[in-house]
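Working notes for the structure below.
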Amino acid sequence: MEPRTGKESYYLDIADTVSERATCLRRRYGAIIVRNDEIIATGYNGAPRGRRNCTDVNYCAREEMKIPSGERYELCRSVHAEANAIISAPRRDMIDAVLYLSGRAAASGELLGDTTPCSMCRRMIINAGIERVVCRTGPGSFTTTSVRDWIFNDESLAEWV
């Protein structure tokens, strides 16, 4: 009999499956929010409801302009997976929850070793009351971050402090 899958891998596998719904031409992300071993919400990256997806129009402005990953999100049509999961759940259910995030390159399907929420999503995660974020970084590997670290190590103040 095979060993039982650990909870982190179990939930990251579910987040990875959620990412299969993503409609971004660059990266596919899936997120799930879990509290007390119950999935509260899921989300994947894609255009807002009712708008055409990048996969439908076969166009990505950031790709065409060769904008590096992590920059100029205002040009992106997609809502991030973390944001979609957060807006799908009541805040009372997210207090002390864990967000699991998995990402893959859209073209190759390879896991992204640098998966982490962007600064905008970090702010939403903080305000949602989520306690920890677990990101898949490779097959069988992941990072765990306490959201309190983002509160006390505020990267948005680095240039002014």
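Applying the criterion of being under 24 Å from residue 71 (Cβ atoms) and among the basic types (Lys, Arg) to the residues of the stretch 112-161, the residue that is least open to solvent (accessible area, probe 1.4 Å) is 136. Checked against (1) over 28 Å from residue 96 (Cβ atoms); (2) open to solvent by less than 70 Å² (accessible area, probe 1.4 Å); (3) not in a helix (DSSP H, G or I), residue 3 passes all but a single condition, namely (2). Taken together, the criteria exclude residue 14 from residues that are in a strand (DSSP E or B), touching a Phe, Trp or Tyr at 6+ places or on another chain (Cβ under 9 Å), at negative phi and open to solvent by 20 Å² or more (accessible area, probe 1.4 Å). Those residues that are aliphatic (A, V, I, L, M) and either under 22 Å from residue 95 (Cα atoms) or modelled with pLDDT of 95 or more (or both), I need them from the stretch 114-157; list them, please. 120, 124, 125, 126, 128, 130, 133, 134, 147, 151 - these are the residues of the stretch 114-157 that are aliphatic (A, V, I, L, M) and either under 22 Å from residue 95 (Cα atoms) or modelled with pLDDT of 95 or more (or both).
Take residue 71 and tell me if it is open to solvent by 20 Å² or more (accessible area, probe 1.4 Å) and of a type in the set (Asp, Glu). Yes: the conditions hold for residue 71. For the stretch 43-76, filtered to residues that are of a type in the set (D, E, K, R) and part of a helix (DSSP H, G or I), the residue that is nearest to residue 98 (Cα to Cα) is 74. Filtering the stretch 21-42 to residues that are part of a loop (DSSP other than H, G, I, E, B) and in contact with a Gly (Cβ under 9 Å, 6 or more places away or on another chain) leaves 22, 23, 24. Of all residues in the stretch 94-144, those that are hydroxyl-bearing (Ser, Thr, Tyr) and free of Cβ contacts under 8 Å to residues at least 24 places away in the same chain total 2.
Out of curiosity, is residue 82 within 22 Å of residue 153 (Cα to Cα), open to solvent by 50 Å² or more (accessible area, probe 1.4 Å) and among the charged types (D, E, K, R)?
Working: within 22 Å of residue 153 (Cα to Cα): yes; open to solvent by 50 Å² or more (accessible area, probe 1.4 Å): no; among the charged types (D, E, K, R): yes.
Considered against the rule, which asks whether it is within 22 Å of residue 153 (Cα to Cα), open to solvent by 50 Å² or more (accessible area, probe 1.4 Å) and among the charged types (D, E, K, R), residue 82 comes out as no.
The values are calculated or read from the model by the stated rules, or taken from the named source; none is laboratory data. This is a predicted model, so every value here is computed, not measured. Neighbour counts are summed over all protein chains in view; Cβ atoms, including those assigned to glycine, are modelled from backbone coordinates with ideal geometry. Remember, those area values only see protein heavy atoms, side chains included, never the ligands or the DNA or RNA. Shrake-Rupley method; radii C 1.70, N 1.55, O 1.52, S 1.80 Å.
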